[in-house]
Structure formats: structure tokens, C-alpha cells
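Novice: Provided herewith is a single structure, encoded as C-alpha cells, for subsequent inquiry.
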Amino acid sequence: MVVGNYPSESFSEVNAMTANRHTTLDFPLPGIARLSLHDADHSVNVFARELLQEIDAQLESLANNTDVAGLVIVSGKPGSFIAGADLTEFAASLDEPPQVIERVSRDGQNLFRRLSTSSYVTVACIDGICVGGGAELAVWCDRRIVTDNPKTQIGFPEVKLGLFPGWGGTVRTPRIVGLANAVEMITSGANSSANDAYKMGLADDLVPGGAAAADHLLQAAARMIHSERSSGAYLTDRQRWSQPIDMADNELAFLGATAVAMIQQETKGHYPAPVAALELLLEASSVDVDTACKMESEQFVPLFGSPINRSLLNVFFLQDRNKKGAGSDLDAADQPASLGVVGAGTMGQGIAAVSLRRGVEVVLSDNRAPALAAGEQAVLKEAAFDRELKGPNLDKVLELTPRLGITTDSEELGECDLVVEAIIEDVGVKQQLFQAIEPNAKASTVLCSNTSTIPITTLATGLEHPDRVCGLHFFNPVRKMPLVEVIRGKQTSQATIDRAAAFARQLGKSPVVVNDGPGFLVNRLLLPYMNEAAVLLGEGVTIKTIDSAAKAFGMPMGPIELHDVVGLDVCLHAGKVMQQAFSDRVVPTPIVDKLVGEERLGQKNGRGFFDWTKDKKGRWKKQPSEEVGRLVANLATPSQEKHDLSDRLMLPMLVEATLAIEDGIVEDVRDVDLALIMGIGFPPFLGGLFHWADAVGAGVIVEKLKGLKRLGKRYEPSEMLLRHAKSDARFYTSG
Ligand code: NAD
């Protein structure tokens with residue numbers, strides 16, 4: 001057989017296979033070389049130094065090979081292409097001097113650029129995830145073929161780490177897909193599906209995924225290479241893509257203005273990388289590829305190792321650490337497959353819907369038949385929600401209906417692998433419920449409570465198997481909030497914790513295991529912050545000033561608005577529980593009590609600190625309330641003292657976090673940081689509460705606390721803070 005001008009007999013004999021640790025170069029078809037990546041150190045391909053060096057050597061070996069018409073780059077890891085750069089290597093080089101960082105960027109560009117200057121056609125064959133450095137390698141190839149595997153995604157997530165692509169991604173992408181598409185991809189960090197990539201011209205062919213994906217890709221690539229060789233189209237593109245981008249000044253200005261507005265809306269000005277990427281993309285559009293590469297490397301340097309880059313890397317490592325935590329290594333057979341939910345209200349519905357969506361069979365129970373019927377409807381509606389339809393998908397409703405059982409008799413739930421109660425917040429009623437379920441439960445059934453305030457140890461008293469009880473504290477709304485606190489009561493067994501945590505993972509949530517105690521972890525730390533906002537109101541600081549200060553710090557919403565979203569009655573109840581537990585630190589304030597007395601319960605009844613209405617799209621809109629303004633002013637005793645409001649709000653949270661660690665609620669500061677980022681939206685660009693404290697310095701924090709100590713015990717440095725300040729130690733290394 002002869003394909004093009006390449007005789008088959010001699011080709012593979014002359015061109016022997018070279019198999020190295022992470023890469024193999026072989027010659028599967030006449031004229032076609034294939035570079036296969038099979039990272040020996042990771043489950044997916046990630047670009048670490050060794051792998052890049054091997055790619056370099058393999059390309060070098062092909063440099064003078066005139067037999068080769070084309071090179072296809074494939075992954076030797078089925079179902080994933082390249083998952084980006086090795087972030088552990090990244091983190092290890094954060095303190096390198098600027099010239100080293102620039103050199104690393106230049107080296108990466110130069111390595112990948114060989115794919116656009118070779119004597120043969122280069123094609124990336126992408127099945128599965130292709131992000132970061134992987135996407136950069138792909139865009140330097142002449143052509144890209146993708147599979148229709150839903151996992152095939154191409155993207156540049158660098159902005160999520162406070163960076164932009166530094167190996168030529170900002171240079172090649174706009175030249176291939178146009179500046180507007182590249183701006184969207186690179187500044188948002190969002191992945192494009194195979195279909196979207198194909199539509200925008202990022203991919204040149206789309207082939208079936210699945211078991212035969214590798215064959216489909218190879219055949220399509222071979223056809224493409226021979227057709228490119230005869231048409232010469234790839235040479236025309238190489239020439240075109242090395243030039244400036246043809247775009248009128250007014251179009252550039254329009255694109256810049258709209259993109260800046262969108263980025264500002266998304267980042268609230270806290271994340272500089274998307275703006276830096278935009279500026280680079282716009283500036284470099286008018287220069288040739290050499291100059292654009294140089295600009296990319298130079299402008300990459302100030303982002304790398306910046307405080308925000310370090311914080312966002314920390315968040316990545318926190319998540320990575322969490323993936324390996326409790327329940328992560330449980331055998332599939334030990335993972336709960338069926339769920340009983342008691343209480344078909346707000347939380348029960350949310351937990352049932354997320355579980356159903358994730359393939360878990362659910363039995364929903366409520367002691368009030370109308371609540372059960374309404375709950376069943378709401379669960380199906382939410383579980384079958386289709387983003388494109390913006391409503392439930394009826395086929396999905398039909399598919400899920402038989403997987404959702406209902407009963408008014410919660411004793412029937414003992415057959416389930418795991419039961420979560422989300423009923424009324426009343427110790428006696430919850431205890432009775434567990435006592436009714438336990439006698440009918442399987443030996444392996446785990447009993448969980450979603451309580452916000454009741455100690456798990458108390459709920460387990462009187463049971464025959466208190467070791468099988470734990471807290472499984474979801475946050476509202478369940479579908480959105482990634483955190484689940486798994487609470488260990490005094491008698492909870494490790495097997496129970498592992499099964500509950502594995503269940504949370506099955507739902508796509510991040511479980512953080514905490515020991516029993518008032519407010520567990522997240523509510524215990526949130527309360528001082530919320531309480532301080534109410535104290536500040538009492539000192540005459542306005543709602544707007546308090547909420548703005550919190551948002552300027554980076555919180556997603558201010559603490560006063562958060563009161564309304566959580567519900568003022570809920571805040572009042574939680575506040576009382578915490579006040580009982582920590583009476584020396586929680587300051588009683590009259591305002592929330594007063595508002596609840598006036599039937600102002602928050603967003604849920606349209607009246608709280610703010611007045612709330614829904615717009616045409618069903619989104620909540622808030623308005624300041626004059627009535628509340630008067631009420632607050634009447635209750636306030638204005639203070640003449642001026643404080644930094646972010647210190648006033650955040651330092652009591654930090655003091656409480658150190659006390660929670662001293663009390664053994666969690667051991668590691670990393671658990672606090674992840675829980676607060678996932679549970680209350682603590683700003684990721686600060687890397688977590690303790691990561692932020694490390695950046696400020698324990699010594700400085702103790703000094704700040706000294707200045708505020710007369711306000712009360714909530715500003716008194718804990719032993720842990722004093723120890724760290726004295727030895728100038730970081731929380732992260734000593735955590
Ligand atoms: P909810 O009032 O919306 O729903 C409670 C449901 O439980 C009602 O449908 C009620 O009929 C049912 N119920 C009451 N007693 C029952 C019993 N003995 N047997 C069976 N069903 C019974 O309450 P919610 O907001 O969903 O809260 C439920 C639990 O979750 C509480 O413990 C609460 O502290 C906790 N929680 C709530 C939130 C939140 O934001 N709403 C967040 C985290 C945790």
C-alpha cells in the first residue's frame with residue numbers, strides 16, 4: 001500500500017520505535033509518526049520537567065527525518081489528554097528570580113513552537129481533558145482533532161491560579177480562533193466542549209469517542225495529514241498565524257471595553273490576572289508572533305509568585321488534600337447506595353435532589369402528608385433540572401420518579417444504607433426519631449443529622465449503636481454549596497465517618513471532618529463575624545458601610561445582607577445557642593430580636609434588614625428599608641472611635657478559629673481554610689483565613705488585637721496566636 005509518497009514496506013523498519021519513561025515515538029502508518037504521552041508519575045498526563053524534556057528529545061529525533069509526513073500527538077492514558085502543568089513543581093519555583101521565570105516561559109514556548117515550524121504536519125489528537133499547558137501544546141500544532149467524548153474539554157484555567165498561559169497560549173489561540181473567542185476563553189478560564197471547540201475552529205475535526213477513540217483519531221489524523229500535504233493549507237496558516245491579527249482599531253476598542261466590564265463584574269476587582277491577560281491579548285494582537293511570545297513571557301513574570309497566585313495555588317492544594325481525606329479510599333461496595341431523608345422541607349429537598357441526580361436511590365419521608373407531597377414534587381423538579389431548558393426535563397422526571405420513594409412512616413427508612421434527618425431543630429424530636437429508626441435499621445446503616453446547632457453526642461444518647469451516628473451538615477442551598485461538615489460525636493466510629501464522608505464525595509461535595517462542639521466549625525466561626533456586624537450597627541455604623549467593608553475585604557456579600565439570606569429567625573436561634581456556649585465572646589445585641597419581633601425574617605418573607613422583591617427572571621433584588629433605618633438608628637449609641645472595619649469583622653473570626661483548634665474541633669489550619677472558602681465564600685484570593693493571617697503575620701495580628709482588646713474578650717489573642725507571634729511562626733508550617 002502506498003499513501004501519498006511514503007512506501008509502507010520500509011517506513012516502520014527504518015523508523016524504529018523509541019519508548020521512554022513518559023513518552024513513546026512510533027510509526028503506526030506510512031508517513032505518520034506518533035508521539036504518545038504516558039506520564040509514569042501521575043494518573044493523567046501532567047507537564048513536569050521530565051516529561052517536557054522527553055518531548056523535546058523525541059522531537060529532536062524527528063528533526064531531520066524526511067520520511068515523516070506528519071506527527072500525531074496522542075495520550076497513552078485513555079480518556080484524558082493532558083491535565084495541565086505539575087503544580088507541585090510550580091509551587092516549588094514560586095521564589096525563583098524573575099529571569100528564571102521568564103526563561104521557563106520562553107523554554108516552553110520554544111519547545112512547543114517546534115510543532116509549528118517542523119518539516120511535517122503536526123496534529124493533536126484529543127480525547128478527554130486538554131487544559132493549561134496541554135491546550136498550549138495543542139494550539140501550537142497545525143491541527144487539532146477532538147472526540148465527542150463529553151470529557152473532551154479544552155481550556156486555559158490559568159487565571160484561576162492568578163496567571164495567564166505562559167507557553168504561547170495567548171499568542172496562538174487568538175490567531176487560530178479570533179481575538180474575541182480567545183479573550184473569552186483565556187480571561188474566563190472556562191473550558192470549551194469538543195463541540196464548541198469545533199464550532200469556533202479550535203478543533204478541525206470531530207470523531208466518535210469511546211472504546212475505539214484512538215483508532216478514529218489516528219485514521220482521521222492520517223487522512224488530514226495527507227490532505228494537508230497535498231493542499232499545503234497548513235503552510236498558508238503557518239504563515240498567517242505568525243503575523244499580527246487583522247482587526248480594526250474601533251473593533252479592538254469595543255472588544256476591550258466590553259471584556260473589561262465583564263471581567264469587573266465577575267472578579268469585583270479582586271483578581272488581576274484576567275485583566276492582565278486581556279491587556280496582553282489586545283496589545284499583542286498588533287505584533288508578529290516572535291514579539292507576541294516575548295511580551296507574553298515578560299508580562300507573565302509579575303503574576304507568577306504574586307500573593308494572589310500563591311493564595312490560589314494554596315486553594316488548589318487544599319482541595320487536592322481534601323480529595324484524599326476521609327472516605328476517599330472506601331471500596332465501592334462499602335459506599336452507601338440508598339438514602340433515606342427525613343424531613344421534606346428546604347434542606348431535606350435539597351439533599352434528596354442532589355442525591356437523586358447523582359444516581360442514589362432515595363426514600364423521602366415527612367410526618368405531614370402535604371409537606372411530603374410538595375417535597376416530592378420539588379425534589380423531582382430540582383433533580384431533573386436542565387440548564388438549557390431552564391426547567392425540568394420531562395424525560396428525566398420520568399426516569400427519576402421510580403428512584404424516589406416516599407413515606408410518612410420514617411421507621412421504614414432502616415433499610416437504607418444511610419439516613420439523613422433534616423426535621424425541625426428540636427433535640428427531643430430528633431432523638432425520638434433516631435430511636436424509632438434504629439430498631440429497624442441494618443447493621444451497616446449510618447444515621448446522620450443535618451442539625452446546625454445540636455451536639456451529635458446528645459442526639460446519639462439512648463441509642464444502642466451511638467457509634468453509627470454522625471452529623472452530616474449540608475449548607476443551604478444544597479445544590480450550590482460544596483461543603484459538607486461530617487461531625488464526629490464522642491462515640492462515632494471511624495467506619496461511620498468514612499461512610500458518611502464517602503457519601504458526601506459521591507454527591508460531588510467536599511467533606512470536612514470536625515469534632516462535636518457548639519456550631520461545629522463553620523457556624524462557630526461565622527457567628528463572631530455576624531455578631532460583630534450587629535455590634536457595629538449598635539455603634540452607629542451604617543448597614544451600607546458595614547457590608548461594603550466586608551465586600552472590600554473580598555467576602556461575596558456583606559454580613560448584614562447575609563443575615564437576610566440565612567433568615568433572621570435562624571440567626572437569632574443560632575446566636576442564642578452560641579451565646580450560651582461562649583457567653584464571654586458573643587455580645588448580645590437587640591437588633592435581630594427586634595426585627596424578628598416585627599415579622600422581619602429576611603429574604604424568605606421579603607422583609608429583613610432590607611426589603612426584598614424578585615425581578616422578572618426570579619432573582620432577588622434588595623432595597624434599603626427606611627423603617628429598618630429608623631429602627632437601627634433608635635437602638636444605636638454612636639461611638640466616636642474609628643476602627644478599621646475589616647479588622648473589626650475578621651479578627652474575631654480568626655481568634656475563634658484558633659480557639660476552635662485549641663478545643664480540638666479540627667487539628668489542621670487547612671481544614672479551617674477549606675471549610676470557610678467552601679462554606680461561607682471566604683475569598684479564595686486570600687487563600688483561606690489562616691493563609692491570610694500568615695500573610696499579615698501573627699505578630700501584626702496580635703498588635704492589632706491589643707488595640708481592640710478593650711472591646712471585649714472576642715479580641716483577646718488566644719494562646720495559639722500568642723505562641724505564633726512570639727516565635728514569628730507561620731500557621732501553615734506549624735499547623
Ligand atoms: P424546614 O422547616 O424547611 O423542614 C422541616 C421538615 O421536617 C418539615 O417539612 C416538617 O414537616 C418535617 N418534620 C418535622 N418534624 C418531623 C418529624 N418528627 N418526622 C418527620 N418529619 C418532620 O426545615 P429546614 O430549614 O429544612 O431545616 C431542617 C434541619 O436542617 C434543621 O435541623 C436545621 O437546623 C438544619 N439546617 C438548616 C439549614 C437552612 O438554611 N435551612 C441549613 C443547615 C442545616
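The values are calculated or read from the model by the stated rules, or taken from the named source; none is laboratory data. Keep in mind it's a predicted model, so treat the numbers as computed, not measured. Here the Cβ is made from the backbone with ideal geometry for all residues, glycine too, and neighbour counts use every protein chain on show.
Novice: Picking from I55, I101, which residue would you name as being more than 30 Å from D215 (Cα to Cα), surrounded by 18 or more Cβ atoms within 10 Å (Cβ to Cβ) and assigned by TED's automatic domain parsing to the domain that holds D127?
Specialist: Being more than 30 Å from D215 (Cα to Cα), surrounded by 18 or more Cβ atoms within 10 Å (Cβ to Cβ) and assigned by TED's automatic domain parsing to the domain that holds D127 holds for just one of I55, I101, which is I101.
Novice: Still on this structure: Among the numbered criteria (1) within 14 Å of the ligand (Cβ to nearest atom); (2) surrounded by fewer than 21 Cβ atoms within 10 Å (Cβ to Cβ); (3) under 30 Å from L161 (Cβ atoms), which single criterion is violated by E298?
Specialist: Result: E298 fails condition (1) only.
Novice: Select, from A460, A443, A502, the only residue that is more than 12 Å from the ligand (Cβ to nearest atom), assigned by TED's automatic domain parsing to the domain that holds V363, in contact (Cβ under 8 Å) with a residue 60 or more places away in the chain and aliphatic (A, V, I, L, M). First the steps, then the outcome.
Specialist: Values: A460 fails: in contact (Cβ under 8 Å) with a residue 60 or more places away in the chain; A443 fails: in contact (Cβ under 8 Å) with a residue 60 or more places away in the chain.
Among A460, A443, A502, only A502 is more than 12 Å from the ligand (Cβ to nearest atom), assigned by TED's automatic domain parsing to the domain that holds V363, in contact (Cβ under 8 Å) with a residue 60 or more places away in the chain and aliphatic (A, V, I, L, M).
Novice: A further question on this structure: Out of V183, V139, V100, report the one residue that is at pLDDT 95 or above, touching a Lys or Arg at 6+ places or on another chain (Cβ under 8 Å) and of a type outside the set (S, T, Y). Steps first, answer last, please.
Specialist: Numbers: V183 fails: touching a Lys or Arg at 6+ places or on another chain (Cβ under 8 Å); V100 fails: touching a Lys or Arg at 6+ places or on another chain (Cβ under 8 Å).
Going through V183, V139, V100 in turn, just one is at pLDDT 95 or above, touching a Lys or Arg at 6+ places or on another chain (Cβ under 8 Å) and of a type outside the set (S, T, Y): V139.
Novice: Does V577 count as touching a residue at least 24 places away in the same chain (Cβ under 8 Å) and either farther than 26 Å from L705 by Cβ or surrounded by 23 or more Cβ atoms within 10 Å (Cβ to Cβ) (or both)? Don't jump to the end; show me each part of the working.
Specialist: Working: touching a residue at least 24 places away in the same chain (Cβ under 8 Å): yes; either farther than 26 Å from L705 by Cβ or surrounded by 23 or more Cβ atoms within 10 Å (Cβ to Cβ) (or both): no.
Spelling it out, it is not the case that V577 is touching a residue at least 24 places away in the same chain (Cβ under 8 Å) and either farther than 26 Å from L705 by Cβ or surrounded by 23 or more Cβ atoms within 10 Å (Cβ to Cβ) (or both).
Novice: Moving on. Can you find even one residue in region 297-305 that is outside any helix (DSSP H, G or I) and touching a Pro at 6+ places or on another chain (Cβ under 7 Å)? Outline the logic, then answer.
Specialist: Initial filter on region 297-305 (outside any helix (DSSP H, G or I)): 301-305.
Filter once more, so that each one left must be touching a Pro at 6+ places or on another chain (Cβ under 7 Å): 301.
Within region 297-305, one or more residues are outside any helix (DSSP H, G or I) and touching a Pro at 6+ places or on another chain (Cβ under 7 Å).
Novice: Of all residues in region 364-378, which are surrounded by 21 or more Cβ atoms within 10 Å (Cβ to Cβ) and either more than 9 Å from the ligand (Cβ to nearest atom) or not assigned by TED's automatic domain parsing to the domain that holds V342 (or both)?
Specialist: Applying the first criterion (surrounded by 21 or more Cβ atoms within 10 Å (Cβ to Cβ)) to region 364-378 yields 364-366, 375.
Listed by number, the list holds a single entry, L364.
Novice: Look through I546, I487, I497 and report the one residue that is away from the ligand (no atom under 15 Å from the Cβ), touching a residue at least 12 places away in the same chain (Cβ under 8 Å), closer than 20 Å to Q335 by Cβ and not aromatic (F, W, Y).
Specialist: Numbers: I546 fails: closer than 20 Å to Q335 by Cβ; I487 fails: away from the ligand (no atom under 15 Å from the Cβ).
Only one candidate passes the filter, namely I497.
Novice: Shifting gears a bit: Here are the criteria: (1) buried (at least 21 other Cβ atoms within 10 Å of the Cβ); (2) at pLDDT 95 or above; (3) over 23 Å from S452 (Cβ atoms); (4) touching a helix residue (DSSP H, G or I) at 6+ places or on another chain (Cβ under 6 Å). Tell me which single one V632 does not satisfy.
Specialist: (2)
Novice: Only one of D584, D647 is surrounded by fewer than 15 Cβ atoms within 10 Å (Cβ to Cβ), in contact (Cβ under 8 Å) with a residue 24 or more places away in the chain and more than 30 Å from G391 (Cβ to Cβ); which? Steps first, answer last, please.
Specialist: Details: D647 fails: surrounded by fewer than 15 Cβ atoms within 10 Å (Cβ to Cβ).
Being surrounded by fewer than 15 Cβ atoms within 10 Å (Cβ to Cβ), in contact (Cβ under 8 Å) with a residue 24 or more places away in the chain and more than 30 Å from G391 (Cβ to Cβ) holds for just one of D584, D647, which is D584.
Novice: Then there is this: Please determine, by comparing only the residues of region 337-349 that are buried (at least 24 other Cβ atoms within 10 Å of the Cβ) and outside any strand (DSSP E or B), which one is farthest from the ligand (Cβ to nearest atom).
Specialist: Looking at the filtered set, the residue picked out is Q349.
Novice: Next question. Give M653, M678 a once-over and let me know the one that is touching a strand residue (DSSP E or B) at 6+ places or on another chain (Cβ under 7 Å) and either assigned to a helix (DSSP H, G or I) or not basic (K, R) (or both).
Specialist: Details: M653 fails: touching a strand residue (DSSP E or B) at 6+ places or on another chain (Cβ under 7 Å).
Of the residues listed, the single one that is touching a strand residue (DSSP E or B) at 6+ places or on another chain (Cβ under 7 Å) and either assigned to a helix (DSSP H, G or I) or not basic (K, R) (or both) is M678.
Novice: Here's a follow-up. Among the residues of region 511-544, how many are outside any helix (DSSP H, G or I) and out of contact with any strand residue (DSSP E or B) (no Cβ under 7 Å at 6 or more places or on another chain)?
Specialist: 7
Novice: Take the residues in region 552-574 that are in a loop (DSSP other than H, G, I, E, B) and within 16 Å of the ligand (Cβ to nearest atom); name whichever of them is surrounded by the fewest Cβ atoms within 10 Å (Cβ to Cβ). Steps first, please.
Specialist: Residues of region 552-574 that are in a loop (DSSP other than H, G, I, E, B), as a first pass: 554-558, 567.
Those still in the list that are within 16 Å of the ligand (Cβ to nearest atom) too: 557, 567.
Working: M557: 15, G567: 20.
Among those that are in a loop (DSSP other than H, G, I, E, B) and within 16 Å of the ligand (Cβ to nearest atom), it is M557.
Novice: Does G664 satisfy being surrounded by fewer than 16 Cβ atoms within 10 Å (Cβ to Cβ) and either touching a strand residue (DSSP E or B) at 6+ places or on another chain (Cβ under 8 Å) or in the same structural domain as K490 (by TED's automatic domain parsing) (or both)?
Specialist: yes
Novice: Considering only helices (runs of 4 or more DSSP H) fully contained in region 695-735, which possess at least 3 residues that are touching a residue at least 12 places away in the same chain (Cβ under 8 Å) and closer than 19 Å to D673 by Cβ?
Specialist: Details: elements: 698-708, 719-726, 731-734.
Where helices (runs of 4 or more DSSP H) fall fully within region 695-735 and carry at least 3 residues being touching a residue at least 12 places away in the same chain (Cβ under 8 Å) and closer than 19 Å to D673 by Cβ, they are 719-726.
Novice: So for region 516-524 (the condition being within 16 Å of the ligand (Cβ to nearest atom), of a type in the set (D, E) and modelled with pLDDT of 95 or more), does at least one residue qualify?
Specialist: Yes, because at least one residue in region 516-524 is within 16 Å of the ligand (Cβ to nearest atom), of a type in the set (D, E) and modelled with pLDDT of 95 or more.
Novice: Can you name the residue in region 428-440 that is within 11 Å of the ligand (Cβ to nearest atom) and touching an Asp or Glu at 6+ places or on another chain (Cβ under 9 Å) and is also nearest to A581 (Cα to Cα) among such residues? Step through it out loud before you land on a result.
Specialist: Narrowing region 428-440 to residues within 11 Å of the ligand (Cβ to nearest atom): 428-434, 436-437.
With the extra rule that they be touching an Asp or Glu at 6+ places or on another chain (Cβ under 9 Å), the set shrinks to 430, 433-434, 436-437.
Values: K430: 21, L433: 25, F434: 25, A436: 30, I437: 30 Å.
Restricting to residues being within 11 Å of the ligand (Cβ to nearest atom) and touching an Asp or Glu at 6+ places or on another chain (Cβ under 9 Å), the top hit is K430.
Novice: I would also like to ask the following. Within region 390-400, can one find any residue that is over 29 Å from the mean Cα position of the chain (by Cα) and within 16 Å of the ligand (Cβ to nearest atom)?
Specialist: The answer is no, given that none of the residues of region 390-400 is over 29 Å from the mean Cα position of the chain (by Cα) and within 16 Å of the ligand (Cβ to nearest atom).
Novice: Here's something else I'd like to know. From (1) under 30 Å from D320 (Cβ atoms); (2) near the ligand (Cβ under 10 Å from one of its atoms); (3) buried (at least 23 other Cβ atoms within 10 Å of the Cβ), pick out the condition that doesn't hold for A422.
Specialist: (1)
Novice: Can you spot a residue in region 447-457 that is buried (at least 24 other Cβ atoms within 10 Å of the Cβ), in contact (Cβ under 8 Å) with a residue 24 or more places away in the chain and more than 13 Å from the ligand (Cβ to nearest atom)? Break it down into steps so the answer makes sense when it comes.
Specialist: Start the filter on region 447-457 by keeping residues that are buried (at least 24 other Cβ atoms within 10 Å of the Cβ), which leaves 447-450, 456.
This time we only want the ones that are in contact (Cβ under 8 Å) with a residue 24 or more places away in the chain, so: 447-450, 456.
Next, from what is left, pick out any that are more than 13 Å from the ligand (Cβ to nearest atom): 447.
Yes, there is a match, as at least one residue in region 447-457 is buried (at least 24 other Cβ atoms within 10 Å of the Cβ), in contact (Cβ under 8 Å) with a residue 24 or more places away in the chain and more than 13 Å from the ligand (Cβ to nearest atom).
Novice: Follow-up. In region 142-175, which residues are buried (at least 24 other Cβ atoms within 10 Å of the Cβ), in contact with a Gly (Cβ under 7 Å, 6 or more places away or on another chain) and in a helix (DSSP H, G or I)?
Specialist: Passing the criteria: E158, V159.
Novice: With the structure loaded, tell me whether E411 is more than 9 Å from the ligand (Cβ to nearest atom), surrounded by fewer than 24 Cβ atoms within 10 Å (Cβ to Cβ), modelled with pLDDT under 95 and over 28 Å from the mean Cα position of the chain (by Cα) or whether it fails that test.
Specialist: In short, yes.
Novice: So D611 ticks every box in (1) under 30 Å from P307 (Cα atoms); (2) without any contact (Cβ under 8 Å) to a residue 40 or more places away in the chain but one. Which box is left unticked?
Specialist: (1)
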